[in-house]
Every structure is written in structure tokens, then in C-alpha cells.
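Below: one structure, written as C-alpha cells.
The values are calculated or read from the model by the stated rules, or taken from the named source; none is laboratory data. These numbers were taken from a predicted model, which means no experiment stands behind them. FYI the Cβ positions are ideal-geometry reconstructions off the backbone, even for glycines, and counts take in every protein chain you see.
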Amino acid sequence: MKRLNEFNGTAILSAMMLLLLLDCSHDTNALTDDRKADRLTKDQVKTAEVIHAGHYEPEKLVVLTNEVDEALRKNYSNPMWLSVLTGLFGGPIGGAILANNDSDSRRDRGMKILTTVSEQMIKTYQLEDPVSDVQKNFLLFVTPEIDPSKVQVSSTPIIIDDPKELMTAFGSGVLIDFKTLSWGILFMAPSDRRLNQVVYAARARAVDLHAGKVLWQGGQCDIRDSKTKPPVRTDELIADSADLLKVRLREAANACVRALTLQYMGNAVGN
């Protein structure tokens with residue numbers, strides 16, 4: 001019974017990760033009224049004495065390739081699955097996987113593997129959550145509606161997410177904040193598990209600091225690059241210091257900026 005419970009726990013963990021990223025599935029071009037910024041909201045932002053801007057702490061990179069998923073579903077005290085993972089990622093990533101395979105329960109080992117692969121990929125390939133670029137480019141695109149001279153960009157990540165508490169950190173005016181919801185690599189289930197897509201999802205919103213309420217929230221920009229680009233194998237994404245992965249993450253973030261800007265401005269922006 002213990003082994004069955006451990007298997008179910010690991011399978012559920014893997015399924016939850018998959019569902020989290022597959023939630024990035026609705027069409028960002030299908031713009032509903034509740035995601036658009038109306039004229040009254042844009043005027044309130046535009047006329048604010050000061051417009052603060054900032055982003056939240058970077059999120060963890062999610063790596064759910066077929067190889068990682070198979071390892072989560074099987075007993076990866078089995079040397080075969082450890083060799084698959086360590087051979088695929090190699091070097092310090094592979095070594096860290098081996099070093100973190102000592103937890104008692106299968107579920108704990110699964111969480112350790114996910115965390116280790118994420119942290120080591122970021123460190124080894126110098127990957128960065130694109131949220132700061134999303135913030136910078138969004139503010140550039142909305143210049144017709146937001147005077148750059150009024151914008152004060154926070155030098156440190158935002159910690160508080162509650163609109164009612166943000167005035168303590170920023171004072172008066174309006175805050176435009178940006179938060180990555182997920183970013184990473186997801187295998188192409190169920191079409192071809194050997195191939196991957198790069199995903200990026202983020203949130204942008206405008207908050208009235210004095211009232212402690214959200215004036216506009218664009219919802220999510222949910223980008224799956226398999227809609228416009230061919231899916232690729234894991235080894236291709238991480239070859240040459242993960243050059244292809246970096247390019248696709250940057251392109252996904254740029255697509256996110258365009259979607260969020262469309263929601264705020266109500267018209268298309270440049271590529």
C-alpha cells in the first residue's frame with residue numbers, strides 16, 4: 001500500500017505540473033471586455049501625479065520534459081532513469097540530481113528533482129525570468145497613454161501582492177505591476193512526448209494605491225510557442241549553452257508584451 005500511495009502521489013504531482021502549464025491555453029487574441037482597459041481607467045492612470053512600476057520576485061523555471069516526467073512516474077532509484085536525466089542535462093545539473101536523490105519518499109524525491117533541475121538549469125545556462133523585459137517593453141509600448149517622465153521604476157522586486165497593502169510600499173499615485181505566472185519547457189502531450197514547447201505566462205495590472213483597488217488587470221498573457229514554431233527535443237533546446245531556449249523564451253516574452261499591450265491600448269503593437 002505504501003508503494004501504491006507513493007506512486008499515486010508522484011503521478012498526481014506530475015499531472016499538477018502539466019495542468020499548471022497547460023492552463024496557458026486560451027487565445028490571447030480573444031480579447032474580452034473585462035480584460036480591456038476602458039477610457040476612464042486609462043485617464044485615471046494618465047493623470048496620476050506619479051506612476052510607479054515594478055515586478056515581483058522571479059518565478060522558478062518549470063522543466064517538465066518527457067525525460068523528467070518519466071522519471072517522476074517511475075522509481076528513479078532505478079539507475080536507468082538517473083542515467084537518463086544526468087546524461088541529458090550533464091555536468092553540474094546531473095551531479096546535483098544525483099546528490100538530491102536521497103529523500104525517503106517518492107514524492108519528496110520528485111519535488112527535489114523538479115527543484116534541482118530548475119535551479120541548476122538557471123545557474124548553468126544563466127537563464128532569467130523575462131519579467132523585467134516584459135515590464136520595460138510594456139512601458140515603452142504604452143507611451144502614448146503613460147507619460148514616461150511620471151514613471152518611477154522600483155529598484156527592488158515587489159513582495160506584497162495585496163492591492164490594499166501596496167500603498168505602504170509605494171505611497172500615493174498608481175502602480176503598474178508585472179508578475180510572471182509560469183515560464184519553462186513543457187513536453188507536447190499527447191501528440192509527441194519527445195518534443196517540447198516553451199511557455200510563458202504573466203500578469204500586468206494597474207492599482208490605485210490610495211484606494212487600494214485594482215483599476216485594470218489584463219488577465220494572463222499565455223504563450224505557448226508551439227502555436228507558431230515547430231516543437232523541439234530537449235537536447236536541441238539546451239545545446240550550445242541553451243541558445244535556442246534563450247531565444248524562444250525571449251520571443252515568448254515579447255509575444256506576451258504584445259498581448260498585454262493590446263489589452264491596455266486596445267490596438268496592435270509592433271513585433
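What residue, among those in the range 203-222 that are small (G, A, S) and out of contact with any Pro (no Cβ under 8 Å at 6 or more places or on another chain), is farthest from E119 (Cα to Cα)? Among them, the one singled out is A211. I158 meets the stated requirement of being at pLDDT 95 or above and either crowded, with 18+ Cβ neighbours inside 10 Å or closer than 13 Å to C256 by Cβ (or both). Just one of the numbered conditions (1) assigned to a helix (DSSP H, G or I); (2) free of Cβ contacts under 8 Å to residues at least 12 places away in the same chain; (3) not basic (K, R) is not true of M121: (2). For the range 136-146, does any single residue satisfy the condition of being in contact with a helix residue (DSSP H, G or I) (Cβ under 6 Å, 6 or more places away or on another chain) and among the acidic types (D, E)? Yes, that holds for at least one residue. Would you be able to tell me the number of residues in the range 186-198 that are part of a strand (DSSP E or B), of a type in the set (A, V, I, L, M, F, W, C) and modelled with pLDDT under 95? Qualifying residue count, the range 186-198: 4.
Looking at the structure I just gave you, is T180 in contact (Cβ under 8 Å) with a residue 24 or more places away in the chain, farther than 20 Å from G54 by Cα and among the hydroxyl-bearing types (S, T, Y)? Answer is no for this residue. Set side by side, the residues V134, V84 differ, and just one is at pLDDT 95 or above and among the aliphatic types (A, V, I, L, M), which is V134. Determine whether K123 is surrounded by fewer than 19 Cβ atoms within 10 Å (Cβ to Cβ), over 30 Å from T234 (Cα atoms) and either modelled with pLDDT under 95 or not acidic (D, E) (or both). For K123, the condition - surrounded by fewer than 19 Cβ atoms within 10 Å (Cβ to Cβ), over 30 Å from T234 (Cα atoms) and either modelled with pLDDT under 95 or not acidic (D, E) (or both) - is not met. Of everything in the range 229-249 that is assigned to a helix (DSSP H, G or I) and charged (D, E, K, R), the residue that is farthest from D133 (Cα to Cα) is D235. Does R250 satisfy the condition of being touching a helix residue (DSSP H, G or I) at 6+ places or on another chain (Cβ under 6 Å), surrounded by fewer than 17 Cβ atoms within 10 Å (Cβ to Cβ), touching a residue at least 60 places away in the same chain (Cβ under 8 Å) and not β-branched (V, I, T)? No.
The one condition from (1) buried (at least 19 other Cβ atoms within 10 Å of the Cβ); (2) under 30 Å from R39 (Cβ atoms) that K136 does not meet is (1). Look at D162 and say whether it is of a type outside the set (K, R) and touching a Gly at 6+ places or on another chain (Cβ under 9 Å). When the stated conditions are applied, D162 passes them.
Here M167 meets each of (1) crowded, with 17+ Cβ neighbours inside 10 Å; (2) part of a strand (DSSP E or B) with one exception, condition (2). Against the list (1) part of a loop (DSSP other than H, G, I, E, B); (2) under 25 Å from Q120 (Cα atoms), the condition H210 fails is (2).
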